[in-house]
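Beneath this line is the structure, given in structure tokens, with notes to follow.
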Amino acid sequence: MKVFQAPLSGGVVGVTVEGRLDAATVPTLEQALQRLLFDGQAKLVVDLAGVNYISRSGLRALLTARRQARSRGGDVHLCTLPPRVKEIFEMVGFMSVFGVYATRDEAAAAFQQA
């Protein structure tokens, strides 16, 4: 699994995740998200286009990051969910928990509208 970070507009930081999000790889994502939150970046867009599998631990990591971001006045928006990942999000009810957007730009723009 790989995690890439890039600044987006309006103080939003994009995090691109590739590969499997399972018990073995989730710590890498958690560390990246925690580092951003610790550095004061509370508006995060997580791009899941390259994720081919997400486990409970991956879902939990995203939920934890969202809770922490919201406590700092931000949020975690998700974008470009592959069909299988979207299906999992729908099954567990996360589509109504997270802001889910078709593109990274739409997810970043949603912070300005909030």
With only Lys, Arg, Asp and Glu charged, each at its Cβ (+1 for the first two, -1 for the last two), find how big the charge dipole of the range 1-77 is about the Cα centre; round to the nearest 20 debye.
240 debye
Percent of alpha-carbon pairs separated by more than 18 Å within the chain:
42 percent
Where the centre of each part is set by its Cα atoms, how far does the range 16-40 sit from the range 89-114, in angstrom?
18 Å
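Under 14 Å from the Cβ of Gly74, count the other residues' Cβ atoms, weight Lys and Arg +1, Asp and Glu -1, and hand me the total. Write down the numbers at each step before the final one.
On the way: positive: Lys43, Arg66, Arg67, Arg70, Arg72; negative: Asp39, Asp75.
Once positives and negatives cancel, what remains is +3.
Bear in mind that the values in this text are calculations on the coordinates, not laboratory data. Since the structure is predicted, the reported quantities are computational estimates derived from the model, not experimental observations. Here the Cβ is made from the backbone with ideal geometry for all residues, glycine too, and neighbour counts use every protein chain on show.
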